[in-house]
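Structure, as structure tokens:
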Amino acid sequence: MINAQSKTAPRKPKNANLGVARLAKNDEFYTLYNDVEREVQHHRQHFQNKVVYCNADDPAWSNVWRFFHDRFDTYGLKRLVSTYHTPGGRSVCHVESRDEHGRPVTVNTPLDGDGDFRSPECVALLEAADIVCTNPPFSLFREYVALLMEKGKAFLVIGSQNAVSTKEVFPHIQANRLWLGITKATTFTTPDGSVKSVGTFWYTNLDHARRAEKIVMTRSYDGRYPSYDNFDAIECGKVANIPMDFDGVMGVPTTFLENYNPSQFEIVSITMRWSPLRNKTYEREPGTAPGEAHTLNGGATIKVKTAPVGKTPHRVGDSTYVKMFPRLLIRRKAA
């Protein structure tokens, strides 16, 4: 398990010597302090007198932990707990609190195991916490979210933008059990000290004011919106293209969730292979292995005469199709 950390000194963090497989999964991204601050400040009211658990954070390096350490009193925390993964060794549980006189108290307790968030002792700490805030390993994000949901925890965590369209995460978004935070963390540092740009969202179930803001729609439906060939919906392409007077199902980019107001729109489905709204499949492409699904079956498609620039054309019989990036299928709610 990897810490939500940023390098603040030239030496390497304790957990830099990870296996090749783990590095290949791109788990080694350390969060910048200002990115933590920019997001968490919008949720300050939720942290008063709460036990905050950073279960992927070494206090020696984690900027998530460091932020809450710096704001312990101004945010009115009850307790700050952190654990982190130590591959092949024993880890430590770090706890900060205040005594009856308001003085800082720090207790470091060796764990029996390596600090993996899935271990029984870390799950027990999770169950005792009020709010979880961290940058969990991207390769385990779906499993991580599943654990948070199973335990009914409040959370504010960083994950890849691609997680939105996964079978494990999307149902929680659709059911309004999980939504996006207000800012994005896009710049991270890595074990070799380099800076990387990564598309991420803050995922949370802490309510915030932006969820009550409505999207201002200025376009009218003129019948010229393209329709999908394998989903009963129109393609909007951009949030700005959502028509104000169309009552059917519309496909929008997953970035729509940054402006999503559940009182204004309903999330009906998503254009993935497993979507129940998919109403057509395609034969496999010539030359592919027997039984291999056609590339088009992975998302929503539009029938075209000529493929737009940047889109790969796919021939099926006498027709040409292009596949869209994952689209949320939404419907406008009655006013």
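Based on the Cα coordinates of the chain, what is the per residue volume of their convex hull in Å³? Kindly include the intermediate steps, with their values, before the conclusion.
Details: hull volume 55.7 nm³, N = 335.
Value for the chain: 166 Å³ per residue.
Extension gain, Ala128-Lys280: 0.36 nm per intervening residue step, less the Cα-Cα distance, totals 50.0 nm. Annotation: amide H of Val92 within the under-5 Å range of Tyr84, Leu111, sequence separation 5 or more or interchain, hydrogens built in the peptide plane.
Per the Debye calculation on the stretch 250-289 with a single equal scatterer at every Cα and no solvent contribution, log₁₀ I(q)/I(0) for q = 0.17, 0.24, 0.30 Å⁻¹ amounts to -0.62, -0.91, -1.12. Using the Cα gyration tensor of the stretch 234-332, with a ≥ b ≥ c the square roots of its eigenvalues, what is the shape: rounded (a/c below 1.5), prolate (a/b larger than b/c) or oblate (neither)? In terms of gyration-tensor shape, prolate. Farthest towards the positive end of the charge dipole of the stretch 59-110, among the residues Pro87, Pro59, Phe72, is the Cα of Pro87, using unit charges on the Cβ of Lys, Arg, Asp and Glu. Coupling constants for the stretch 137-142 follow from the phi torsions by the Karplus curve (6.51 cos²θ - 1.76 cosθ + 1.60, θ = phi - 60°), and in residue order they are x, 4, 5, 10, 4, 5 Hz; glycine and proline get x. Would you look at the GNM of the chain, springs on alpha carbons closer than 10 Å, and say which of Arg177, Arg219, Arg103 moves the most? Taking springs between Cα atoms under 10 Å, the residue moving most is Arg103. In terms of its alpha-carbon gyration tensor, the stretch 20-211 comes out rounded; the largest-to-smallest axis ratio a/c stays below the 1.5 threshold.
Could you tell me the calculated FRET efficiency between Val105 and Asp247, based on Cβ-Cβ distance and R0 = 56 angstrom, to the nearest 0.05? After rounding to 0.05, the efficiency reads 0.45.
Can you list the GluC sites (Glu not before Pro) in the stretch 137-202 that are in a DSSP coil and have 14 or fewer other beta carbons within 10 angstrom?
Glu168
Listed values for the stretch 32-39 are Karplus-derived 3J(HN,Hα) couplings in whole Hz (6.51 cos²θ - 1.76 cosθ + 1.60, θ = phi - 60°), namely 7, 4, 5, 6, 5, 4, 4, 8, and x replaces Gly and Pro.
The phi-based Karplus calculation (6.51 cos²θ - 1.76 cosθ + 1.60; θ = phi - 60°) puts the 3J(HN,Hα) values of the stretch 110-124 at x, 8, 6, x, 8, x, 4, 4, 8, 5, x, 6, 6, 5, 5 Hz, whole numbers, x for Gly and Pro.
Give me Val123, Val36, Val195 ranked fewest to most by other Cβ atoms within 10 Å of their Cβ, as a rough exposure proxy. Mind showing how you got there, number by number?
Working: Val123 16, Val36 28, Val195 11.
Starting with the residue having the fewest Cβ neighbours, the order is Val195, Val123, Val36.
Only the coordinates and a few stated rules stand behind these numbers; no lab work does. This structure is a prediction, so every number in the text was calculated from the model and none was measured. Note: ideal-geometry Cβ built from the backbone for every residue, glycine included; neighbour counts use all protein chains shown.
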